[in-house]
Structure formats: C-alpha cells, structure tokens
Amino acid sequence: MDRDENLFVMKIMNLNSSKHAIIRLFNVTMRYGAKLALNDVSVDIQPGEFIFISGPSGAGKSTLLKVLYLAEKVSEGQILINGMNLARISPAKLPLLRRRFGMVFQDFKLIPGRTVFENVALVLEVSGEKPSYIRKKVMHVLRTTGMEKKANALPLTLSGGEQQRVAVARAVVGDPDIILADEPTGSLDQASAKLVLDFLMAYHQKGATILLASHNLHLLESMVRGRNIVLDQGQLVKTSTLL
Amino acid sequence: MTRYIKKALADIRSNRFLNLITIVTISLSILVVSLFLLFFENASRVIEGWNQGGRAMIYLESAFSEEMLPDLEARIKSLGEVEEMRFISKSQALERLKNEMAGNTGFFETLKENPLPHALEIRMKTHGDLQQMTAFAKKIADLEMVESVEYGQGWLARFLKIFSLFRITGYAMCGLFLLIALFITANTVRLAFYSRRLEIEIMRLVGATEGFIKTPFYVEGLFQGFLGGILGLLILLGAFFAVSSGISQNLSAYVYLDIRFLSVKAMGILILASTFLGWFGCYLSLKQILK
C-alpha cells in the first residue's frame, strides 16, 4: 500500500470506529510560523486503547500531545475529547480538562523545591481533595511505584529512573481516563525504562487510555500491545498494531 | 484558606532574602509616611493651642455703654458660631492689666482716665478653619459699636500658609514613597513569579486554576504589607520615645508643646494601607505577567 492508500484506509477505519471514540482529531493542522508541525491529522482513539506515537525527531509527536492538553492551540481542524470540542473550552474550564489527563514528560517536570510526596499530592490538592484523603492516596500510589521510602526526598536527590517513577505516580494519582506520555523513557537506562513502562501498562490494564510518544520503538515493541501511529513531517503516515 | 496561608508562609521562607527586602522597603515607606503623619498630627495640635481654641477679643467703641450690652450680645449670638461670650468692662480690663504688669503699676497712677475700651471675649465654635474665622470676625466687626476684632490673625495666617504648603509637600512625599514601595512590591512578586515559573507551569499542567496559583502570591503580598507596616510603626515608636522627651524638655519652656504618638486610628489606617499596598503590588504584577 502506498502512502495515499494508507491514509485512505486509516480514515475509513476512523469513521467506522468513531462512535465510541474518547479522542477524535479531525484534520488537525498545527503551524509554527511557516513550519507545519502537524499536517491534516485525523485519528480516532477508543477508550482503553494503548496508542504508541512514533516517528523521527521533529515528526510532530510532542506537538500532537501538546494540542491534546491544550498547551498549544491548533491552527486548523477540530479535536473532541469525550465529545467535548477543545476549541470551545473556555480558559476557566481548561483546568478541569487537564485534570482528566495524567501527564509524563521526558524531563519529568517535578517541582525541585517540593518533596516527592508534595509533588504527587499537588494533583489532588488542585482538585480540592481533603488532606486526609490526599495522604492516603498518595502513599498508596507511591507504594505501588516503589517510591514510598523516598516520600520525603527532594526530586534532585533521586536518580532519573526514580524521578520518572515519581512522575508516573503523579500522573496516575488522580485516576485520570487518559495518560499522555511524551518520551517517558527518553532519558532513562533500559532497566528504568522497562520499570516505567511496566507501571504504565499496569495502569492501562485498569482501563485507562494511554498515548505514548517515543522514538524507542524496539523497547516498545517488546513490551506494549496496542496501536502504533507513525508520524512523519507532521503527517500521519501509517498505523499498525503492536502485538 | 489554611492551605494557601501555609503555602504562602513556605514561599516566604524559601525566598527569605527577597521577602525581607520587600518588607524592609515597605516598612521604610510606612516609616516616612507615618513620620509626616506624626508631625502633622502634633503640629496641628500645637497650632490649635497657639490659636487658643478660637478665642477672639471684640473691642467696643468708646461710645458704648453697658446698657447696650444685652442688645449687642443678642446680635452677636444671632450670627451663630459663638460658643462662649464674656463681657469685660474697661475697669475690669484695667484691673487685669495692672495684675499682669505686677510691679510696674506706677505708670497707671499718671493716667487721668481709663484708656482701655469695653470688650467682649468670645470663643468660636469652629476654630480650625482660618478662612471661616476671618469671615466671622468680619461680620462682627461690621456690627454697630464694634471697634475691632482681634484673634491673632496676622502672624497665624502667615504661619498657617507655610504650614499648609509644608503639608502639601508632605502629602506629595508620602505619595512618592508609597509609589516606590508599590513598585518594589510588584517587582518582588514578579521576581518570585519568575523564580517559580517551572512550578507554575507544572501546576497548570496538572489542572490548577488561576485562583489556586495566584492566591498564595496574594497572601504573601498581604503578609509583606502587614509586616512592613508593623515594622515601620515599631521603628517610629522607638525613635519617638528616644527623641520626644528631649524635645519636650528643651522647648516646653519657650513654646506650648503637647507631643503625642500617633492615635490608634492613625496606626490602624497605616497598617491597613501597608497591607493594601502589599496586595495591590501583587495584583498589578500578576495582572501584567498573566496578561
């Protein structure tokens, strides 16, 4: 199948599966000046799917995730999340949308001046949860990620792998429907990367939808079952199933 | 709210130096403002004392006789503004003068007749406003049988003009210092905001509302303003006790002085103003940053 045929098949697949899609992208285009970061991307993602977004550097993987959590606004096209049109979300409602996502980044994005516990607890604090619930829930999540004993440590005293486990704990502590992970294993050694993916897979088993952008296809292929979306120069060029 | 207060206190602790500079700046501005206020409060009271609480002497014409007194008193009272009125006959006035001059009474023996006029001593109801006093004195002076009215207007008017000019300069200085404090507070918040940019970015990513992000900054601003106000007043209080007793001892023999520290109301207003200043600096800064 050449590239055009592939795109056509993908669009048909999307139409057939669009009824229950949790995330829908319609002809999404994203421009940075003259550069096209995303070019007419249309895709439907079902609840509970594990989506692996791959492609070379600059393909638009991170941009695709950014437009989903509205760090960037699309230049053209529409995005629906659970039927909610992101273009119509007011700034006041944006935090509510983001609470539905758990996010993991390559550079961890942990607050250096706050302890591991405080970093993870932040997600529940912004939702206005009670301190007693926060304590219980955070300690539970830290236990499952193996970071319980480091609850009072500051992020910079931890190894890269440990920091990413804290980031994963933060991503799942609010029980989000969707996890967006942008190169979560990019700066980790093989063992740490495997550990982080194990946690994400375990959370996926509970029914969460996961979108993971990475260039590390080999590691993913050996561990992840799901759909692989390949981007190149901002275009969705191929989808395949990882078994 | 407890969470925000705890967060604000933690932020103040983590940015001690920056916060200390802001608190000291606010306190110095409040010190300057309260110093002016202290001066004006005391100067007003002293001037009030010099003004003898709005006393005036109405000197009557030589043709005036005591039978005309009830009529004149009624006419003066009808003008309003008079709180107290006392007639001093020419003989009483001479007696008073003799008493005041004590040992030098030989001069009075040479007098063939009493040169002093009958007079009415009055106390005006409103005596803070010189313009009002002048207008009222003119009304009395226009009455029949009234020779002249004296209330120390000459030198007092000149002094009050200078004082009023000084007061305006004082207000301008206060405004300037408050403005400086406002900009420094706003700048501190801006620096604190930039130093916590990563933290704020992460907060936004995990779904924090703007209120959740901004409230600790506002609480911090209120703390800085409040503590700055208290510190400024404490410095002034210390300086006041150190200096005021010396001034009173040295000058009370020459002039009427009644030096007191700021009233509770003035202190309350100053602390409220400095607290507002902290909040407003924060508001301006956040409005600009988050625009």
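The values are calculated or read from the model by the stated rules, or taken from the named source; none is laboratory data. Everything numeric here is computed off the predicted structure, so don't read it as measured data. Ideal geometry is used to build each Cβ from the backbone, glycine not excepted, and the neighbour counts take in all protein chains shown.
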Count - residues of region A:200-219 that are out of contact with any Gly (no Cβ under 9 Å at 6 or more places or on another chain) and among the hydrophobic types (A, V, I, L, M, F, W, C): 6
Conditions (1) crowded, with 16+ Cβ neighbours inside 10 Å; (2) touching a strand residue (DSSP E or B) at 6+ places or on another chain (Cβ under 9 Å): number failed by B:Ser148: (1)
Residues satisfying the stated conditions in region A:77-94, i.e. basic (Lys, Arg) and facing chain B (nearest Cβ under 8 Å): none
Only one of A:Gly48, A:Gly77 that is touching a Ser or Thr at 6+ places or on another chain (Cβ under 9 Å), more than 18 Å from A:Asp232 (Cα to Cα) and in a strand (DSSP E or B): A:Gly77
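Residues are listed down the side, and each one gets a yes or a no for (1) touching a Phe, Trp or Tyr at 6+ places or on another chain (Cβ under 7 Å); (2) among the β-branched types (Val, Ile, Thr):
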| position | (1), (2) |
| --- | --- |
| B:Ile184 | no, yes |
| B:Thr215 | yes, yes |
| B:Leu233 | no, no |
| B:Phe241 | no, no |
Sole residue being over 16 Å from the mean Cα position of the chain (by Cα), basic (Lys, Arg) and under 27 Å from A:Leu96 (Cβ atoms), chosen from A:Lys130, A:Lys150: A:Lys130
Evaluation of B:Ser34 against (1) closer than 16 Å to B:Arg190 by Cα; (2) buried (at least 20 other Cβ atoms within 10 Å of the Cβ) (one fails), failing number: (1)
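Of the residues in region A:168-209, how many are of a type in the set (Gly, Ala, Ser), in a helix (DSSP H, G or I) and either under 12 Å from the mean Cα position of the chain (by Cα) or more than 13 Å from chain B (Cβ to nearest Cβ) (or both)? Outline the logic, then answer.
Taking region A:168-209 first, the residues of a type in the set (Gly, Ala, Ser) are A:169, A:171, A:174, A:181, A:186-187, A:191-193, A:202, A:207-208.
If we keep only those that are in a helix (DSSP H, G or I) too, we end up with A:169, A:171, A:191-193, A:202.
Okay, now just the ones that are also either under 12 Å from the mean Cα position of the chain (by Cα) or more than 13 Å from chain B (Cβ to nearest Cβ) (or both), so A:171, A:191-193, A:202.
Going through region A:168-209 one residue at a time, the tally reaches 5.
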Filter result for the condition that a residue is of a type in the set (Val, Ile, Thr) and closer than 23 Å to B:Met1 by Cα, over A:Val104, A:Val126: A:Val126
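Being surrounded by 17 or more Cβ atoms within 10 Å (Cβ to Cβ), within 14 Å of chain B (Cβ to nearest Cβ) and under 30 Å from A:Leu38 (Cβ atoms) narrows it down to one residue among A:Val126, A:Val74; which is it?
Numbers: A:Val74 fails: within 14 Å of chain B (Cβ to nearest Cβ).
None of the others qualify; the one that does is A:Val126.
Only residues that are within 18 Å of B:Leu231 (Cα to Cα), among the aromatic types (Phe, Trp, Tyr) and in contact (Cβ under 8 Å) with a residue 60 or more places away in the chain: list them for region B:259-290, please. Outline the logic, then answer.
Of the residues in region B:259-290, the ones within 18 Å of B:Leu231 (Cα to Cα) are B:261-279.
Retained after the next criterion (residues that are among the aromatic types (Phe, Trp, Tyr)): B:261, B:276, B:279.
If the condition is that a residue be within 18 Å of B:Leu231 (Cα to Cα), among the aromatic types (Phe, Trp, Tyr) and in contact (Cβ under 8 Å) with a residue 60 or more places away in the chain, then B:Phe261, B:Trp279 are the ones that fit.
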Filter pass, B:Arg204 being within 30 Å of A:Pro112 (Cα to Cα), basic (Lys, Arg) and at pLDDT 90 or above: yes
Number of positions in region B:170-229 that are in a helix (DSSP H, G or I) and within 14 Å of chain A (Cβ to nearest Cβ): 18
Given (1) within 11 Å of another protein chain (Cβ to nearest Cβ); (2) out of contact with any strand residue (DSSP E or B) (no Cβ under 6 Å at 6 or more places or on another chain); (3) outside any helix (DSSP H, G or I); (4) within 30 Å of A:Leu38 (Cα to Cα), index of the condition A:Leu97 fails: (3)
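Considering only residues of region A:129-166 that are of a type in the set (Ser, Thr, Tyr) and part of a helix (DSSP H, G or I), which is surrounded by the fewest Cβ atoms within 10 Å (Cβ to Cβ)? Talk me through it step by step, then tell me what you get.
So the first thing to find is which residues in region A:129-166 are of a type in the set (Ser, Thr, Tyr), and the list is A:132-133, A:144-145, A:157, A:159.
Checking which are part of a helix (DSSP H, G or I) leaves us with A:132-133, A:144, A:157.
Details: A:Ser132: 8, A:Tyr133: 10, A:Thr144: 15, A:Thr157: 11.
My answer is A:Ser132.
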Test: residue in region A:215-234 that is surrounded by fewer than 21 Cβ atoms within 10 Å (Cβ to Cβ), acidic (Asp, Glu), in contact with a strand residue (DSSP E or B) (Cβ under 7 Å, 6 or more places away or on another chain) and not in a strand (DSSP E or B): yes
Unmet requirement for A:Ala59, which otherwise passes all of (1) touching a residue at least 40 places away in the same chain (Cβ under 8 Å); (2) small (Gly, Ala, Ser); (3) more than 10 Å from every other protein chain (Cβ to nearest Cβ); (4) closer than 21 Å to B:Gly211 by Cα: (4)
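Which of the residues belonging to region B:272-291 are touching a Leu at 6+ places or on another chain (Cβ under 7 Å) and farther than 15 Å from B:Ile180 by Cβ?
Start the filter on region B:272-291 by keeping residues that are touching a Leu at 6+ places or on another chain (Cβ under 7 Å), which leaves B:275, B:277-281.
Of everything in region B:272-291, those that are touching a Leu at 6+ places or on another chain (Cβ under 7 Å) and farther than 15 Å from B:Ile180 by Cβ turn out to be B:Thr275, B:Trp279.
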Every residue from region B:62-109 that is modelled with pLDDT of 85 or more, in a helix (DSSP H, G or I) and touching a helix residue (DSSP H, G or I) at 6+ places or on another chain (Cβ under 7 Å): B:Ile76
